[in-house]
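Notes to accompany the following structure.
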Amino acid sequence: MSPPPTSTPPEEPGAGGSRPRGRAATALLRLLGPRHRPGPPRSVPGHRADVAPDGCRQELARWQRHADSYARELSRVALERAHLLAWLAALHPSSAVVTPTTGAGPDGTHLLRLTAGERQLCWWLQPTELPLFTHVPYAEPTPVCPPRDGHGAADQAAHIRRHTRLLALEGAFLTTPGERRPAARPAGH
């Protein structure tokens, strides 16, 4: 009976005692060799395993600064939106009302509703924005709340664009030639 095979084939005698293996033999040995040997550790592309904890903390701080910057910008835009909605409500005093959403308490979200272009428009208001709308009458909640996004918001945005174009055309037709302003030049000219 022959001895069990070893993981490496026996060496063939040659001029120097052993013959060097070629690339094909090395590949064949890798393929037929034992499967239990772990290969070299694989790393994620762009990830270095030797990064020091200080480097990780610096990277975390850098991303936190980005997140804080985005949060400040979002807060600024939300405040500007609230001011513009309060102004829009002041321009439509006959139809603008603030209503609480159904099931929300006195400190919950509210809706600003107004009619423009023979259509009711509405926007969600956060409790922190309500002090800007003290000039708008308060009404009882309505059972139907509009969607925050999706088809209803797209329809509302399309209606606002159409209504804005109509108002701009109306303004252009009602002004006399002496009142017209010069056309705005594109930036960079």
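Taking the stated definitions as given, is LEU88 closer than 30 Å to THR142 by Cα and at pLDDT 90 or above? Lay out the reasoning, then the answer.
Numbers: closer than 30 Å to THR142 by Cα: yes; at pLDDT 90 or above: yes.
Here the answer is yes, as LEU88 does meet what is asked.
Starting from the range 87-99, keep only residues that are among the hydroxyl-bearing types (Ser, Thr, Tyr), then list their pairs with residues that are assigned to a strand (DSSP E or B) whose Cβ atoms are within a distance under 6 Å, requiring at least 6 positions of separation or different chains.
Within 6 Å, the pairs are SER95/LEU114; SER95/THR115; THR99/LEU111.
Which ones in the range 47-85 are acidic (Asp, Glu), modelled with pLDDT of 95 or more and open to solvent by 100 Å² or more (accessible area, probe 1.4 Å)?
none
The values are calculated or read from the model by the stated rules, or taken from the named source; none is laboratory data. For clarity, every value in this text was computed on a predicted model and none was experimentally measured. Note that each Cβ is placed from the backbone with ideal geometry, even for glycine, and that neighbours are counted across all protein chains shown. Heads up: the accessible areas ignore ligands, DNA and RNA and are worked out on the full protein's heavy atoms, side chains in. Shrake-Rupley method; radii C 1.70, N 1.55, O 1.52, S 1.80 Å.
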